[in-house]
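*Asks:* Quick one: this structure, given as structure tokens, is what I'll be asking you about.
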Amino acid sequence: MSPLNLKSKKLLFFVISIAILVLVVSCWSLKSGDDCTFSNSSLLFPTTNNTSEYIADYSYRVRPTTKVRKISNKECNITEALLKVYIYDLPPMFHFGMLGWKGKANQTWPDVSEPNQVPKYPGGLNLQHSIEYWLILDLLSSTIPGFKRPCTAIRVEDPNLADIFFVPFFSSLSYNRHSKIHGKEKISKNKFLQEELVRFLMNREEWRKGGGRDHFVPAHHPNSMLDARKSLGSAMLLLADFGRYPLEIANLKKDVIAPYRHVVDSVGDKSPSFEERPILAYFQGAIYRKDGGMIRQKLYRLLKDEKDIHFTYGTVRQNGVKNASKGMANSKFCLNIAGDTPSSNRLFDAIVSHCVPVIISDEIELPYEDVLDYSEFCVFVRGTDALRDRFLVRVLRGIGREEWERMWQRLREVARHFEYSFPSIEGDAVDMIWGAVHRKISAIRLDIHRRSRYNGLEKSDGGGDDNTSSELFG
């Protein structure tokens, strides 16, 4: 090798070394963590710790490897919204009329331009299943000029523009308040409303066109829509879990799981630390349950004598909610044990208390689990393992401060995704639910389009639309 070539290579090596050094120093001095993180091949795939950035685009990873579009709280329009929603103008008796609201003649909806003036939903345990109330308020406000909210979903007046058709029925409140027969009534008001709702939808061209598959029906309370669920089973259902539904009516392929609205107070930014939580594990609620909830009784017998575990019966009466708020905020772990159904609001009470949830419910389904990895902030224990002598105690005592604080910190980041608010804010429960609906749309369209292949031939031959349950959705 000639001296000239050797000098050229040395010079090239020197120039490359200087360039790399300049790049490193520049990134360090600018503190641009999003673009200059060198671990995990991040020069090629920049990382981000900003939860709002990945939630807004509803990507399928908790922490994406690329930056995504962020939806700002600005005035929304139909071209920017991810989801276009047509809401049926059902009479107030199906929704806000249950809250005592009475509009003017021919007025279907209350004026929501002033959030402090909107009809209030009943408190107590009614609130835990109030999901449709928050969604409807968000839709009604989506077309108000100057109203600041996320541009995830928007109401459209033309059904031909809609991605999804929302059925505005306070089904959970209807069950809670109108299930009993009074006086000379032959059927309850709840049953009557369901029958009228089914009759209305079956006569709508929008329902018949897609067999109801592009309709969104709220049924969050496990006992809501008992009389209508079979007739409306082809629709996308808004549910708490699948505990009281057959697979052909409710399943993850077509339906959306929504979080309960928490009952206890949120700790917000004043989250007690590891040392400030003297209770190892906390459970307060109904202990004696039927079916899958019998595990609570067995766990009670195993844990009741542990000094730093609080496991007692409790209700909302006699300051029950206030005591639970304090107890969860003072506990490192909160037990979420299957009851009559796989889910309960206790999980979401734990999340907003920043108390690491311990989920002992093998059949539970979790909200937006396609974008949230619950194992980052929850402990999952199989029911059979939890009933082994001292197994659960060993698991919890084996989680040290560092591991607990990692889950606790993640809880503080994700808790906002379980808060219902009006006006809605980016990444809250309302925004997250609309995102979950949006992610179902492609599959719904595929199913509807495949089923429409031979519609013309069937009609010319005297046949009708196929309204059987969807093959795609099981």
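*Asks:* Find the Cα radius of gyration of the range 76-202, compare it with 2.2 N^0.38 Å by division, and give the number to two decimals.
*Replies:* 1.13
*Asks:* Once the Cβ-Cβ distance between Lys298 and Lys120 is put in as r, and R0 is 45 Å, what FRET efficiency do you end up with, to the nearest 0.05?
*Replies:* My answer for the efficiency is 0.65.
*Asks:* Let me ask another. Heavy atoms only, probe 1.4 Å: what % of the accessible area of the range 75-122 goes to carbon and sulfur, would you let me know?
*Replies:* Taking all protein chains in place, the range 75-122 shows 45 percent carbon and sulfur surface.
*Asks:* Here is a further query. To the nearest Å, what is the center-to-center distance of the range 178-218 and the range 361-411, using C-alpha atoms only?
*Replies:* So the separation of the two Cα centres works out to 40 Å.
*Asks:* Can you give me the distance in nm between label points at Glu363 and Asn330, each placed 7 Å from the Cα along the Cα-to-Cβ direction?
*Replies:* 3.5
*Asks:* For Ile78, project a label point 7 Å along Cα to C-beta. Then give me every residue of the range 164-197 with its amide nitrogen under 17 Å of that point.
*Replies:* 164-166
*Asks:* If I ignore ligands, DNA and RNA and count only protein heavy atoms, how much of Glu275 is accessible to a 1.4 Å probe, in Å² to the nearest 10?
*Replies:* It works out to around 110 Å².
*Asks:* Calculate one ³J(HN,Hα) per residue across the range 236-249 by plugging θ = phi - 60° into the Karplus curve 6.51 cos²θ - 1.76 cosθ + 1.60, and present them in order as whole Hz with x for glycine and proline.
*Replies:* 6, 9, 9, 10, 8, 6, 10, x, 10, 10, x, 4, 6, 9
*Asks:* Now for a different question. Mind listing the long-range amide H neighbours of Phe380? Cut-off is under 5 Å, sequence gap 5 or more, other chains count too, H placed in the peptide plane at 1.01 Å from N.
*Replies:* Here Ile359 satisfy the definition.
*Asks:* Please list log₁₀ I(q)/I(0) at q = 0.17, 0.22 Å⁻¹ for the range 216-318, using the Debye equation with identical point scatterers on the alpha-carbon positions.
*Replies:* Cα-only, vacuum Debye calculation for the range 216-318: -0.97, -1.12.
*Asks:* Please express the shape of the range 317-462 as an equivalent ellipsoid: the semi-axes are the square roots of 5 times the eigenvalues of the C-alpha gyration tensor, given largest first in whole angstrom.
*Replies:* For the range 317-462, the semi-axes come out at 39, 20, 15 Å.
*Asks:* Then there's this: Given Lys120/Lys322; Lys102/Lys209; Lys120/Lys270; Lys84/Lys104; Lys102/Lys191, which pairs have Cα atoms separated by over 32 Å?
*Replies:* Lys102/Lys209
*Asks:* Okay, moving on. Using a 1.4 Å probe over the heavy atoms of the protein chains, calculate the carbon and sulfur portion of the accessible area of the range 279-412 as a whole percent.
*Replies:* The computed percentage sits at 45.
*Asks:* Largest first, how would Ser234, Ser266 line up by accessible area (1.4 Å probe)?
*Replies:* Ser266, Ser234
*Asks:* What is the pair-distance distribution P(r) of the range 362-426, computed from all Cα-Cα distances in 5 Å bins starting at 0, with each bin given as a whole percent?
*Replies:* 3, 13, 20, 19, 19, 14, 6, 4, 2, 0
*Asks:* Turning to a different aspect of this structure: I'd like the accessible area for Trp408: 1.4 Å probe, protein heavy atoms, all chains in place, Å² to the nearest 10.
*Replies:* 30
*Asks:* Lys and Arg at +1, Asp and Glu at -1: add these up for the other residues within a Cβ distance under 11 Å of Val156 and post the number.
*Replies:* Overall, the nearby charge balance is -1.
*Asks:* Leaving out ligands and nucleic acids, and using a 1.4 Å probe, what accessible area per residue does the range 133-229 come to in Å²?
*Replies:* Per-residue accessible area for the range 133-229 comes out at 40 Å².
*Asks:* Stretched out fully, how many nm does the piece from Leu446 to Lys180 gain, at 0.36 nm a residue minus the Cα gap?
*Replies:* Extra length from Leu446 to Lys180 when fully extended: 91.6 nm.
*Asks:* If you don't mind, there's one more thing I want to ask. At what distance in nm do the modelled label points of Asp269 and Glu206 sit from each other, each positioned 7 Å from its Cα along Cα→Cβ?
*Replies:* 4.2
*Asks:* OK, next. Which whole-percent values make up P(r) of the range 128-230 when all C-alpha to C-alpha distances are grouped in 10 Å steps starting at zero?
*Replies:* P(r) for the range 128-230, in whole percents per bin: 13, 38, 33, 13, 2.
*Asks:* Phe242's amide H: which non-local residues (gap 5+, or another chain) put their own amide H closer than 5 Å, with H modeled 1.01 Å from N in plane and none for Pro or chain starts?
*Replies:* Excluding prolines and chain starts, which carry no amide H, the hits are Glu365.
The values are calculated or read from the model by the stated rules, or taken from the named source; none is laboratory data. Just so it is clear, the model here is predicted, and its values are computed rather than measured. Positions of Cβ are generated from backbone atoms using ideal geometry, with glycine treated the same way; all protein chains shown enter the neighbour counts. Note: areas computed on protein heavy atoms with side chains; ligands, DNA, RNA excluded. Shrake-Rupley method; radii C 1.70, N 1.55, O 1.52, S 1.80 Å.
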